[in-house]
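These notes are about the structure you will find just below.
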Amino acid sequence: MSHYNEIRHGRHGVFLMHLHLVFATKYRREVFTKEILDELRPICSSVCTDFEAELVEFDGEDDHVH
């Protein structure tokens, strides 16, 4: 089941949350290669699953990941 469009209900409210995270390297150094990004994707997906969230999009360049 997709959690992406799931409206959640709390005791006093209803919410649908979206989050955009960007991880940048120190001093914007170019360290993220395609191989490293390929290894990071399942790690980030696993972290999202732990927080009952869904990784919708994953992309990066040589100095940041979003």
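Taking Cα atoms only, the orientation of helix 34-50 departs from the longest principal axis of the chain by about 20 degrees.
If you take all other residues with their beta carbon under 13 Å from the beta carbon of Glu52, and give Lys and Arg +1 and Asp and Glu -1, the sum is -2. Charge dipole of the chain (Cα centre as origin; +1 on each Lys and Arg Cβ, -1 on each Asp and Glu Cβ, all else neutral): 360 debye, rounded to the nearest 20. Here the peptides 50-56, 6-12 are ranked by packing, the mean other Cβ count within 10 Å, and the order with the highest first is 50-56, 6-12. Every helix of 4 or more DSSP H residues in the chain counts as -39500 (n - 2.57), and over all residues that averages to -8500 deg cm²/dmol at 222 nm.
Just check the chain against the gyration tensor rule for me: Cα atoms, a ≥ b ≥ c as the square roots of the eigenvalues, rounded for a/c under 1.5, and otherwise prolate or oblate depending on whether a/b exceeds b/c. Note, shape of the chain comes out prolate.
The listed peptides 30-36, 20-26, ordered by packing as a protection proxy, come out as 30-36, 20-26 (highest mean of other Cβ atoms within 10 Å first).
FYI, it's all coordinate maths here, none of it is from the lab. All of these numbers come straight from a predicted model, not from anything done at the bench. Glycine also receives a Cβ, built like all others from the backbone with ideal geometry; neighbour counts cover every protein chain displayed.
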